[in-house]
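S.K.: First the structure, then my questions, so here it is.
The values are calculated or read from the model by the stated rules, or taken from the named source; none is laboratory data. Only a predicted model underlies this, so the values are computations on that prediction, with no experimental measurement involved. Every residue, glycine as well, gets a Cβ built from its backbone with ideal geometry; the counts of neighbours run over all protein chains shown. Side chains included, ligands, DNA and RNA excluded: accessible areas come from the protein's heavy atoms. Shrake-Rupley method; radii C 1.70, N 1.55, O 1.52, S 1.80 Å.
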Amino acid sequence: PVVWFAYFTIVYSLQGSGCAAGLDRTMVLGVGALQLLLLLVTLAAIAIIAASGLWSFRAWYRLLEELEEEERRAHGYATFLSYGALLHAGLFLVATLWIGAPILVLDPCDALGAA
């Protein structure tokens, strides 16, 4: 959730300030600089969230194997927490993709000022 919150804040801050600064008119590799910057921030957030999910999955799986060998209350809590972290990573990965998908299709400054 922290990575997604930071991503959400950064993307919308960059979009507003980038449009005001005219970064959408500056071309880099055939794409607007603002759109490229937003895409890179989205890819970084996706990578961090996916790595967190993978780490959570490995921890959950490892704890599940240990739980079969010896039943302990601490293992039950740890398994629950790692499984919860895995589910959260999936949820926030989808949320990040939901926010980031329009960056590929739409001009980030196109609808500003249209009321």
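S.K.: What's the longest uninterrupted piece of the chain once you rule out the GluC sites (Glu not before Pro) that are loop residues per DSSP with at most 10 other Cβ within 10 Å?
M.R.: In short, 1-69.
S.K.: Using only the alpha-carbon atoms, how far is helix 33-69 inclined from the longest principal axis of the chain? Give it as 0 to 90 degrees, nearest 10.
M.R.: Value to nearest ten degrees: 0.
S.K.: Given a 1.4 Å probe and every protein chain left where it sits, what share in percent of the accessible area of the chain is carbon and sulfur?
M.R.: Using a 1.4 Å probe with all protein chains present, the chain comes out at 71 percent carbon and sulfur.
S.K.: Considering Cα pairs under 8 angstrom that are at least six residues apart, work out the relative contact order of the chain and quote it in whole percent.
M.R.: 35
S.K.: Between VAL105 and ARG62, what FRET efficiency comes out of the Förster formula 1/(1 + (r/R0)^6) with R0 = 30 Å and r the beta carbon distance, rounded to 0.05?
M.R.: 0.15
S.K.: With the cut-off at 1.5 for a/c, could you classify segment 1-50 from its C-alpha gyration tensor as rounded, prolate or oblate?
M.R.: oblate
S.K.: Summing -39500 (n - 2.57) over the DSSP H runs of n ≥ 4 in the chain and dividing by its residue number, what mean residue ellipticity at 222 nm do you reach, to the nearest 500 deg cm²/dmol?
M.R.: -28500 deg cm²/dmol
S.K.: In the neighborhood of LEU34, defined by Cβ-to-Cβ distances under 14 Å, what is the net charge if each Lys or Arg adds +1 and each Asp or Glu adds -1?
M.R.: The answer is -2.
S.K.: Skip the ligands, DNA and RNA, and give the accessible area per residue of the chain with a 1.4 Å probe, whole Å².
M.R.: Ligands and nucleic acids excluded, the figure is 68 Å² per residue.
S.K.: Please compute the net charge surrounding ILE103, taking Lys and Arg as +1 and Asp and Glu as -1 over other residues with Cβ under 13 Å from its Cβ.
M.R.: -3
S.K.: Which entry in (i) 1.02; (ii) 0.98; (iii) 1.45 matches Cα Rg over 2.2 N^0.38 Å derived from the coordinates of this structure?
M.R.: It is the value labelled (iii).
S.K.: Tell me the label-point distance for the pair LEU81, THR9, using the 7 Å Cα-to-Cβ offset, in nm and rounded to one decimal.
M.R.: 2.4
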